[in-house]
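These notes are about the structure you will find just below.
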6 protein chains.
Amino acid sequence: MNERDVSNRAGYKVGVRDHFMIAHSFRGEVFGPAQKLHGATYVVDVEFRRADLDPDGIVVDIGRACDVLKATLGALNYQNLDELPEFAGQNTTTEFLARTIFDRITAAVRTGKLGPGAFGIETVKVTLAESHIASGTYEGRLT
Amino acid sequence: MNERDVSNRAGYKVGVRDHFMIAHSFRGEVFGPAQKLHGATYVVDVEFRRADLDPDGIVVDIGRACDVLKATLGALNYQNLDELPEFAGQNTTTEFLARTIFDRITAAVRTGKLGPGAFGIETVKVTLAESHIASGTYEGRLT
Amino acid sequence: MNERDVSNRAGYKVGVRDHFMIAHSFRGEVFGPAQKLHGATYVVDVEFRRADLDPDGIVVDIGRACDVLKATLGALNYQNLDELPEFAGQNTTTEFLARTIFDRITAAVRTGKLGPGAFGIETVKVTLAESHIASGTYEGRLT
Amino acid sequence: MNERDVSNRAGYKVGVRDHFMIAHSFRGEVFGPAQKLHGATYVVDVEFRRADLDPDGIVVDIGRACDVLKATLGALNYQNLDELPEFAGQNTTTEFLARTIFDRITAAVRTGKLGPGAFGIETVKVTLAESHIASGTYEGRLT
Amino acid sequence: MNERDVSNRAGYKVGVRDHFMIAHSFRGEVFGPAQKLHGATYVVDVEFRRADLDPDGIVVDIGRACDVLKATLGALNYQNLDELPEFAGQNTTTEFLARTIFDRITAAVRTGKLGPGAFGIETVKVTLAESHIASGTYEGRLT
Amino acid sequence: MNERDVSNRAGYKVGVRDHFMIAHSFRGEVFGPAQKLHGATYVVDVEFRRADLDPDGIVVDIGRACDVLKATLGALNYQNLDELPEFAGQNTTTEFLARTIFDRITAAVRTGKLGPGAFGIETVKVTLAESHIASGTYEGRLT
């Protein structure tokens, strides 16, 4: 299996939800009026996937997963993303932010913030709903 | 009945939904981190209420109601509300924006933009969901 | 209180949900392309309201309310409403159908189909969502 | 206006959402299989209503409202309600629990836990969704 | 990789939502009362997936995706599907219609209607919710 | 393809939804307050997937799928899972229960309870939402 592949094995998932609210603007004609400074609420769903449950019978502790998600989104919440150095020169689109949150959540898993049982997690999927009709997603392996 | 009263008569309602995305900031300690420039997606539900149906058997034409709602939200969509003269010195909270949209929708009803049948509408309710867990509403008479 | 008034007393509500799927067409220019034979899924929410709970601590038995709602919608489900004699000459709009279901549900309450405890119900509200963005409602007293 | 009346004046609302998970059983034939020990997740929506906004332009601080709701539900979360003395001899139905939470939230408002601005709140509505198809509500004045 | 395979590579998705309303009937005993002429509202979710973002940082322009989805559904909206030659002899089930819309959306991608950046899209998933409790999906490669 | 793999071929899905309500408790420090007897409502989504439609143009009869799901959940509904012999010594977490329901639904498919056309189903996914912010899933092949 290529390191870019996500697992297609049978398995378990746990999903948790939270949200954050930001301002930003985009560069590029394709964005039309969204080139102006505007904002969004993103309702974020994170799914953790693994082939087998841990000895407690869980994919990951839901309480801890909620805490890590809240901390991850807290670093973005109530920010103007145009002013954050980490996003300089980057369009902070919904799908790009899904990848950003994926990178931060998977780093938290690897450093043990979801507990030792969570090292069995294989793939993570992050979906940001920007409204009742549009969303962006990134899914990848926990390398 | 006082002009500030909303009807409590039996009756009919039609509801329509759309959304808009803006940037803004608040003034006042109560707002904590929301005093910084941030943003929101507002999913907007508008309900039109009247005691009886018109001769076509409707409260209001749903297609026209959607068009008027889209036009109303279009004037706010992709804006930084802090820069709009109409909101100078005003916290554009969710509940305040619900009232703003109520005022604009009811003005559109009164000037015939929803058709002559819509003159029978008695009360209008506008709800803005700012996330999956929080919302603001204004409801009033169509004076 | 006028018989057309709905209560504005403090009180309790129970809500239940089900759905039905029909074909129909409308007469009148206001309906545009909906003058053609088309159809809809209606997701129906019924709310029963009363000032005080019955001796069992309920507004109405939720199981019985679900059964009565299913039976009521069953008479409409999978029908072409244009061919039902009861709707001859009538536009079966979302708000009109909300009233139709209100009339049938309240008749069921009065004839004891929701049990003797349900005689304490004062008002009923019926909402039909025809899509994720549009709905129609009728609310009235249980006379 | 009778003290049992809820306002029908034009006005503003703010709504917040959280949830809790409990075990309980009911007494009474009407409950059928729910007479056995079982449980429920209740997704709770609380709406605060008032005629006018406070000087900050809000009905109530959404953050504080979320905190008070979480604290209120925290006293019930992960409990077997059959064992709580406060509910002895009482069927803890969805609509009864809506009233319980209403009483606790309104007490919190009166004792200033939502801030001095919240003394202007006139009515509160509490809805508990026990599933995707059933809910219970209590609405009353903040006396 | 077989041409019938969908990618299981890590990657990005964008999803958009709209709806349409039709009449139809089914042939076959398995359909029971749905053999009669009835109808449905379909709430449609389309997901576009690709391994990497385009130079603007997007999977596809959400505005353009919404326009193409609306145009695609517009050809079916307010129709009696039993009378459309393209569906002669075919049960227009929810899952069949998901495939129909998949075929039309992917044709629009291939002919450039979502812009040149959209040529990088690898798979498309189309889900039609026919009610709050039932849905049909087709997912395939953009060949 | 390994027997633990789920298909990544292009294909069709049908999804159906129902719910059940139970009491239970967990063993293990990771569960914190959930070690006490509490309960949950689980809203259950089951997706059936196959590469091609059957001769009637369906993945599976939605009516039959709803009936099998209701019967499967009926065996758990209104139970205290701590007292069921089949779960002795097992934490009945959301993800574990998703697997339990997967096993029972796929057994029903194999024994013909969804009809002979359903033998073409390749994979099944079961998701249990325990609240508006958390869920558990099991997905596997129909071996």
Check: What tally of residues in segment F:105-143 results from selecting those that are closer than 30 Å to D:VAL43 by Cβ and acidic (Asp, Glu)?
Finding: 2
Margin query: Exactly one condition in (1) closer than 18 Å to B:SER131 by Cβ; (2) among the hydrophobic types (A, V, I, L, M, F, W, C); (3) more than 11 Å from chain B (Cβ to nearest Cβ); (4) outside any helix (DSSP H, G or I) is false for A:LEU73; which is it?
Written below: (4)
Margin query: I'd like to check something: does segment E:44-62 contain any residue that is closer than 17 Å to C:THR41 by Cβ and touching a residue at least 12 places away in the same chain (Cβ under 8 Å)?
Written below: yes
Notebook entry, point to check: Could you count how many residues in segment F:28-60 are away from chain D (no Cβ under 14 Å) and of a type outside the set (A, V, I, L, M)?
Noted result: 11
Next item on the list: State yes or no: is D:TYR78 at pLDDT 95 or above and either assigned to a helix (DSSP H, G or I) or open to solvent by less than 40 Å² (accessible area, probe 1.4 Å) (or both)?
Entry: no
Next item on the list: Can you tell me which residue among D:PHE31, D:PHE96, D:PHE102, D:PHE87 is in contact with a strand residue (DSSP E or B) (Cβ under 9 Å, 6 or more places away or on another chain), on the phi < 0 side of the Ramachandran plot, open to solvent by 20 Å² or more (accessible area, probe 1.4 Å) and among the aromatic types (Phe, Trp, Tyr)?
Entry: D:PHE96
Check: Yes or no: A:GLY112 more than 9 Å from chain E (Cβ to nearest Cβ), within 19 Å of A:HIS19 (Cα to Cα) and surrounded by fewer than 19 Cβ atoms within 10 Å (Cβ to Cβ)?
Finding: no
Margin query: If I go through segment E:115-131 residue by residue, how many of them are open to solvent by 40 Å² or more (accessible area, probe 1.4 Å) and either within 8 Å of chain F (Cβ to nearest Cβ) or not in a helix (DSSP H, G or I) (or both)?
Written below: 2
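State which residue is farthest from F:HIS38 (Cα to Cα) when the search covers only segment D:34-65 and only residues that are assigned to a loop (DSSP other than H, G, I, E, B) and open to solvent by 50 Å² or more (accessible area, probe 1.4 Å).
Checking each candidate, the answer is D:PRO55.
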Check: Within segment A:1-27, which residues are farther than 30 Å from B:ALA129 by Cα and within 7 Å of another protein chain (Cβ to nearest Cβ)?
Finding: A:ARG4, A:ASP5, A:VAL6, A:ASN8, A:ARG9, A:ALA10, A:GLY11, A:TYR12
Checklist line | Residue within segment B:8-17 that is closer than 20 Å to B:ALA88 by Cβ and open to solvent by less than 20 Å² (accessible area, probe 1.4 Å) present | finding: no
Notebook entry, point to check: Of the residues B:PHE119, B:PHE102, B:PHE87, B:PHE48, which single one is under 11 Å from the mean Cα position of the chain (by Cα) and more than 20 Å from C:HIS132 (Cβ to Cβ)?
Noted result: B:PHE102
Next item on the list: Of the numbered conditions (1) hydrophobic (A, V, I, L, M, F, W, C); (2) more than 30 Å from D:ARG27 (Cα to Cα); (3) modelled with pLDDT of 95 or more, C:VAL59 fails exactly one; give the number of that condition.
Entry: (2)
Notebook entry, point to check: Restricting the first residue to segment F:81-96 and requiring it to be within 12 Å of F:ALA23 (Cα to Cα), which pairs with a second residue that is surrounded by 12 or more Cβ atoms within 10 Å (Cβ to Cβ) and hydroxyl-bearing (Ser, Thr, Tyr) meet a Cβ separation below 7 Å and a spacing of at least six or different chains?
Noted result: F:LEU81/F:THR92; F:ASP82/F:SER25
Notebook entry, point to check: Does any residue of segment C:84-98 turn out to be assigned to a strand (DSSP E or B), touching a helix residue (DSSP H, G or I) at 6+ places or on another chain (Cβ under 7 Å) and under 26 Å from B:PHE48 (Cβ atoms)?
Noted result: no
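The values are calculated or read from the model by the stated rules, or taken from the named source; none is laboratory data. A quick note: this is a predicted structure, and the numbers were derived from the prediction, not measured. Virtual Cβ from ideal backbone geometry, glycine too; neighbours counted across all protein chains shown. The protein model used for the area step is the full one, side chains on, heavy atoms only, and it has no ligands, DNA or RNA in it. Shrake-Rupley method; radii C 1.70, N 1.55, O 1.52, S 1.80 Å.
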